[in-house]
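For reference, the structure is listed below as C-alpha cells.
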Amino acid sequence: MTIDPTVDVSVGPTVDVGEALWIFGYGSLIWRPGFPFVESQTASITGYGRRFWQGSIDHRGVPAAPGRVVTLVTAPMEVCFGMAFQVEAADCDEITRQLDIRERGGYQREQLVISLGDGRPVHGLTYVAAPANRNYLGEAPVQEIADQIADAKGPSGHNIDYLHRLKESLDTMGVVDHHIDAIVAEVRRSDRS
C-alpha cells in the first residue's frame with residue numbers, strides 16, 4: 001500500500017527489531033486492533049487524558065465535514081485506561097507500518113510506559129495527534145463536539161458509531177471516562193443517538 005504524500009504522516013520513534021513490542025490503544029484499537037498479537041490486557045498510562053479533539057477526514061468524516069476522534073492530551077492528574085497488545089518481534093516492523101498508514105491523519109508514534117492490568121510496567125508505543133497537526137480541532141464545548149460527532153460520516157462509517165463503540169468498550173472494561181460520558185449524555189439529550 002502506498003501512502004499519499006499529501007497526507008500528514010509523522011512516524012516518530014523507531015521500533016527495535018528483535019524485541020517484542022507493546023502497543024497501547026485508547027480509541028478504536030481497543031475494539032479493533034487489526035493486527036495479530038500474542039497477548040492483550042487492560043492497561044493504563046499516567047499523566048494523559050483521552051479527548052475528542054482530533055479531526056478525522058479519512059475515517060469518520062470527510063474534508064468538508066470532519067468527524068472527531070480521540071487523542072491523548074497531557075493531564076498530570078489523570079490516568080487513561082485502554083488496551084495493551086503485545087506483538088511478536090518478527091511482526092513489529094510490518095505492524096507499525098500498517099499502523100502508520102491507519103493513523104496517518106495527524107498521529108505520530110510516541111514511546112511511553114504502560115501499566116498492564118497484571119501490574120507490570122512495560123515500555124511501548126501509542127499514537128498521539130498533537131496540536132500542530134493540520135487535522136487537530138482542539139477543545140470545544142461538549143455540545144459542539146456532540147453535534148459534530150452526531151452529523152459526521154466517513155469511509156469507516158458514522159462518527160457516532162465510533163463514540164458508542166468506545167463507550168461500550170470502556171463500560172465492558174469497567175472504566176469511567178468523564179469526557180466520553182459527557183459527550184454520550186449530550187448526544188442522548190439531543191436525541192441523536
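Structure notes:
- Counted residues, segment 105-118 - those being surrounded by fewer than 20 Cβ atoms within 10 Å (Cβ to Cβ) and at pLDDT below 95: 0
- Test for Ile160: is it assigned to a helix (DSSP H, G or I), in contact (Cβ under 8 Å) with a residue 40 or more places away in the chain and of a type outside the set (Asp, Glu): no
- Positions within segment 48-88 being in a strand (DSSP E or B), more than 14 Å from the chain's Cα centre (by Cα) and either more than 12 Å from Val128 (Cβ to Cβ) or of a type in the set (Lys, Arg) (or both), in sequence order: Val62, Ala65, Ala75, Pro76, Met77, Glu78, Val79, Gln86, Val87
- Residues of segment 40-63 that turn out to be of a type in the set (Gly, Ala, Ser) and surrounded by fewer than 23 Cβ atoms within 10 Å (Cβ to Cβ), as a count: 4
- Selected residue (only one of Ile114, Ile180 is touching a strand residue (DSSP E or B) at 6+ places or on another chain (Cβ under 6 Å), closer than 25 Å to Ala43 by Cα and outside any loop (DSSP other than H, G, I, E, B)): Ile114
- Residue check, Asp100 more than 15 Å from Ala20 (Cα to Cα), assigned to a helix (DSSP H, G or I) and touching a residue at least 24 places away in the same chain (Cβ under 8 Å): yes
- One residue stands out among those in segment 60-76 that are touching a Phe, Trp or Tyr at 6+ places or on another chain (Cβ under 8 Å) and not polar (S, T, N, Q): the one that is farthest from Ser28 (Cα to Cα), which is Ala75.
- So Leu137, is it of a type in the set (A, V, I, L, M, F, W, C), closer than 22 Å to Thr42 by Cα and surrounded by 17 or more Cβ atoms within 10 Å (Cβ to Cβ): no
- Of all residues in segment 98-131, exactly one satisfies the criterion of being closer than 20 Å to Glu39 by Cα and of a type in the set (Lys, Arg), namely Arg120.
- Of all the listed residues (Asp151, Asp181, Asp171), the sole one being in contact with a Gly (Cβ under 9 Å, 6 or more places away or on another chain) and at pLDDT 95 or above is Asp151.
- Number of the condition not met by Phe35 [criteria: (1) of a type in the set (A, V, I, L, M, F, W, C); (2) touching a residue at least 40 places away in the same chain (Cβ under 8 Å); (3) surrounded by 14 or more Cβ atoms within 10 Å (Cβ to Cβ); (4) part of a strand (DSSP E or B)]: (4)
- Near pairs, Cβ below 6 angstrom, 6+ apart or cross-chain, from segment 173-188 (more than 13 Å from Val79 (Cβ to Cβ)) to any residue that is surrounded by fewer than 18 Cβ atoms within 10 Å (Cβ to Cβ) and of a type in the set (D, E, K, R): Ile180/Lys167; Val184/Lys167
The values are calculated or read from the model by the stated rules, or taken from the named source; none is laboratory data. Since the model is a prediction, treat every value here as computed from it, not as a measurement. Cβ: placed from backbone, ideal geometry, glycine included. Neighbour counts: every protein chain shown.
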